[in-house]
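**Student:** Encoded as structure tokens, here's the structure I'll be asking about.
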Amino acid sequence: MRKLLSTWPLPAILTWASAWLLFRQLLGQGAALHTALGTATALGVALSLLGNTWWRRVLIAAGFPLSLALSLPSLGLAATLPAWAWLVPLLLLLAVYPLNAWRDAPLYPTPAQALDSLPQHAPLPAGARVLDAGCGLGHGLKALRRAYPQAQLHGLEWSWPLRWLCAMRCPWAQVRRTDIWAAHWSGYDMVYLFQRPESMPRAVAKAHAELSPGAWLVSLEFEAQGIKPSAQCSESGGKMVWLYQAPLNGLSGD
């Protein structure tokens, strides 16, 4: 149950629903508006501790009061919108961020120059196959193209709206809609990730099983635990880039 509650964005959805339920119940029992509002908001703030990063805690805590403000009759919104209209944001969230991708990172854009130093540590031949696993809107692919202009760039993205937008923004890359964990990583000379710390053990196990000797696993910002990086670098004031060359060192049996 604890693991399920840590799966984003489930903590936010459960917190917002609980705050609204408490708010409605208190009003139904005759509580004053300010009492119901304060109590439900306090519940949201308390449950924001379910978020494991500061920005998730802010989203969890702010969700109920913001949604309440948008629905206040004094703003003229509640009277003009049908009840089903409040389902539209949820449906858009599910389209952009499908259920089976909740364990992966949300939209974390790769800074444009974050990977410029990669060729100094991981030189690749012309025509090398480079994969951005979880390419989102294509920021990582564009950064990879800056670093390796002669590489064959590939992107994998499960969300169909993001996959479509990425393909539009990066017509020079082959972008497919598929699960990055189900797709095989063999055949790529480099796999690039900008995930989150919880995803790194899974990425390491997959790279260990599927990457060919000499291929690279590259992670922006988040270090893989249990294996030794072959190199690390960062642009001035930028995020750290961690590089691991197969066969990965530090795993049992290596």
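**Student:** Check whether at least one residue in the stretch 175-190 is touching a Cys at 6+ places or on another chain (Cβ under 9 Å) and assigned to a helix (DSSP H, G or I), and report yes or no.
**Tutor:** no
**Student:** Answer yes or no as to whether residue 232 is over 15 Å from the mean Cα position of the chain (by Cα) and farther than 20 Å from residue 110 by Cβ.
**Tutor:** Taking the combined requirement at face value, the residue does not satisfy it.
**Student:** Also, I was wondering about something else. For the structure I just gave you, tell me whether residue 183 is over 19 Å from the mean Cα position of the chain (by Cα) and among the small types (Gly, Ala, Ser). Spell out how you get there, then give the answer.
**Tutor:** Details: over 19 Å from the mean Cα position of the chain (by Cα): no; among the small types (Gly, Ala, Ser): yes.
So residue 183 fails the test.
**Student:** Determine, yes or no, whether residue 17 is modelled with pLDDT under 85 and of a type in the set (A, V, I, L, M).
**Tutor:** Taking the combined requirement at face value, the residue does not satisfy it.
**Student:** Follow-up question, since we're still on this one. If you take the residues of the stretch 153-195 that are polar (S, T, N, Q) and under 21 Å from residue 215 (Cα atoms), which of them is surrounded by the fewest Cβ atoms within 10 Å (Cβ to Cβ)? Before the answer, list the steps.
**Tutor:** Here is the first cut: in the stretch 153-195, the ones polar (S, T, N, Q) are 159, 174, 178, 186, 195.
This time we only want the ones that are under 21 Å from residue 215 (Cα atoms), so: 174, 186, 195.
Numbers: 174: 14, 186: 10, 195: 20.
So the residue we want is 186.
**Student:** Every residue in the stretch 201-237 that is among the acidic types (Asp, Glu) and farther than 14 Å from residue 181 by Cβ, please. Give the derivation first.
**Tutor:** Filtering the stretch 201-237 down to residues among the acidic types (Asp, Glu) leaves 210, 221, 223, 235.
Scanning the stretch 201-237 gives 221, 223, 235.
**Student:** Also, quick follow-up: What pairs can you find where one residue is in the stretch 198-213 and part of a helix (DSSP H, G or I), the other is surrounded by fewer than 16 Cβ atoms within 10 Å (Cβ to Cβ), and their Cβ atoms are less than 6 Å apart, with a gap of 6+ or different chains?
**Tutor:** From the stretch 198-213, the pairs are 208/251; 210/184; 210/186.
**Student:** When you look at residue 157, is it of a type in the set (Asp, Glu), assigned by TED's automatic domain parsing to the domain that holds residue 135 and closer than 19 Å to residue 243 by Cα, yes or no?
**Tutor:** Here the answer is no, as residue 157 does not meet what is asked.
The values are calculated or read from the model by the stated rules, or taken from the named source; none is laboratory data. For clarity, every value in this text was computed on a predicted model and none was experimentally measured. In this analysis, Cβ positions are derived from the backbone assuming ideal geometry, glycine residues included, and neighbour counts consider all displayed protein chains.
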